[in-house]
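Nothing in this text is a laboratory measurement; each read-out follows from the coordinates by a stated rule. The shown structure was predicted, so the numbers you read here are calculated from the model rather than taken from an experiment. No Cβ is skipped: glycine too gets one built from the backbone with ideal geometry, and neighbour counts run over all protein chains shown.
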Amino acid sequence: MKAGTQRALITTARDTIRAEAWTHALTLDEFGAADLSASVGCGLETIQGIIKGWLVDRMVIETQRRCGPVRQMVKVNPAWKDEAAKAVGRTPAENMWHAARRLRTFSPTDLAAHANTETVAVSQADAAAYCRALLAAGYLRVSVKASPKSAREAIYRLARDTGPRPPREKRVRAVVDANTGETHLLGGHE
């Protein structure tokens, strides 16, 4: 197996663990790394790294600092918990837009992981297509370019936050008259 393929598999596995840990964290009032490690079924160091990232992104709030034998405890930031509760009846585009607004920077895999809910499935391919559409429309900027050789995804940042309702791609239907060169929109005005 090539190194790039191996790295891509590791990244995908890490994102899956992160998404599973987040889903479980949303059900807990207060928790430590050991609590998530046991429920997700992965190593303590991996979960500690995930929680550290959540602290940086302000997704969780530290309730007790680690001091000697006393372990670090955190709870989900109420704003993120409210967002997850509201996400139940949303469309994939709404979930991705809200996740993009919350995250400072993100890859399509991050966006898919944060937009997924029990009732709305968002695949990595859906998130990548949504990122491409938003990038083309000027809503996103590329922070880190993708690298096909190392299987690294592009990292985006939100450039235009126009509000809570998601921008979405639309397909326009039209009839083109080859005789006159005229274009007539179907269902719309000229």
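The table for this structure:
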quantity: Helix-only CD estimate at 222 nm, as mean residue ellipticity for the chain, using -39500 (n - 2.57) per DSSP H run (n ≥ 4); calculated: -14000 deg cm²/dmol
quantity: The chain: angle of helix 44-56 to the longest principal axis, Cα-based, in degrees nearest 10; calculated: 60 degrees
quantity: Partner aspartates and glutamates for Lys81 [C-alpha distance under 20 Å; skip if fewer than 8 residues away on the same chain]; calculated: Asp15, Glu20, Asp29, Glu30, Asp35, Asp57, Glu62, Glu94, Asp110, Glu118
quantity: Relative exposure of Asp29, Asp110, Asp161, judged by other C-beta atoms within 10 Å (fewest first); calculated: Asp29, Asp161, Asp110
quantity: Cβ-based exposure ranking for His184, His98, His24, His114, in which fewest neighbours within 10 Å come first; calculated: His184, His24, His98, His114
quantity: Potential extension, Thr183-Thr63 segment - 0.36 nm per residue separation minus Cα distance; calculated: 37.0 nm
